[in-house]
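Every number in this text was worked out from the coordinates using simple rules, so none of it is lab data. All figures in this text were calculated on a predicted structure; none of them were measured in a lab. Methodologically, a virtual Cβ is constructed for each residue, glycine included, from the backbone with ideal geometry; neighbour enumeration extends over all protein chains shown.
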Amino acid sequence: MTTRAQFIQRVRGEMAKTPGLFAARSADRPQEPGALAETIRRQLAERWPAALARFSEEFERVGGVLYRVADMEEACATISRIARERSAQRVVTWATSVLGAELEPRLRAGGLEVAGETAGLPGEAERSRFRHASAQADIGVTGADLAVAETGSLVVLSGPGKARSASLLPPYHVAVFGKGALVESLEQVGVIFEALHRDPGTMSGASISFITGPSRTADIELTLTRGVHGPREVHAIFVESL
């Protein structure tokens with residue numbers, strides 16, 4: 001019988017074998033998160049190329065694939081190419097108003113079957129329809145509220161027009177984002193979340209997802225397997241014009 005102390009000691013021993021990418025520490029809660037978040041945004045307006053380079057490095061380290069394109073037209077062409085290379089046919093997307101561009105007709109022109117989410121607060125029938133479409137889809141196309149350079153993570157907030165099923169159920173997840181989503185660290189993410197929480201209506205979704213590469217599990221005989229609890233591939237498209 002393993003005691004609690006022995007179990008914790010084994011965990012500590014395993015964790016000590018691989019050093020973390022950065023030191024963990026607690027941070028004080030900001031008194032004026034809105035002003036601090038605005039300062040971060042202003043600084044990143046100049047530093048975003050370095051943040052994107054670090055994000056690319058860390059994102060690919062955890063198994064993601066990053067593309068850099070000029071505009072949404074090229075982003076749609078990239079999604080169509082990802083679909084062709086994987087023999088994918090069915091695509092679900094977030095609402096046009098959320099993504100900032102009308103992807104559905106462009107993707108359909110490429111021969112794909114597309115189910116788009118409706119804007120606004122959905123009723124139960126619409127939630128059920130989109131959830132079912134996501135479960136049947138090959139590719140889920142979403143935006144990314146934040147892209148964290150420090151960890152290569154995509155942060156996705158659910159809400160009206162932003163169903164979490166699009167990023168969780170299809171085997172291939174494609175996230176589209178621009179320079180405004182880039183942040184350098186998890187500490188900056190915390191500041192931005194504090195600011196959003198104090199702005200009524202901006203955090204109305206049911207969940208916040210940190211997506212750090214494809215789904216992985218080693219529950220079965222310690223064999224690493226992708227795609228059991230989520231997408232087996234995660235792609236990110238950085239759009240320069242966004």
Net +/- balance of residues flanking Asp138 in space, Cβ distance below 13 Å, scoring K and R +1, D and E -1: +1
Environment charge at Arg127 (Cβ cut-off 14 Å; Lys +1, Arg +1, Asp -1, Glu -1): +1
Computed lengthening from Ser97 to Glu32, 0.36 nm per intervening residue step minus Cα-Cα distance: 20.4 nm
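Quick check: residue separation of Ala53 and His197 times 0.36 nm, minus the Cα distance between them. What number comes out in nm?
48.9 nm
Out of all DSSP beta bridges with both ends in the chain, state the antiparallel percent to the nearest 5. Numbers along the way, then the final one.
On the way: 10 of 35 bridges.
Taking every DSSP beta bridge within the chain, about 30 percent pair in antiparallel fashion.
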Peptides ranked, highest mean first, by Cβ atoms within 10 Å: ranges 43-54, 134-145, 95-106: 134-145, 95-106, 43-54
Summed side-chain charge close to Ser209 - residues other than Ser209 whose Cβ falls under 11 Å, Lys, Arg +1, Asp, Glu -1: +1
Cut-off under 5 Å, modelled amide H: who pairs with Ile237 long-range: Tyr67, Ala175, Val176, Phe177
Selection from Val239, Pro105, Ala163, by position along the positive dipole direction of the chain (Cβ): Ala163
Nearest-20 debye value, the chain charge dipole, Cβ charges on Lys, Arg, Asp, Glu: 640 debye
Distance between modelled label sites at Arg68 and Ser241, nm, 7 Å Cα→Cβ extension: 1.8 nm
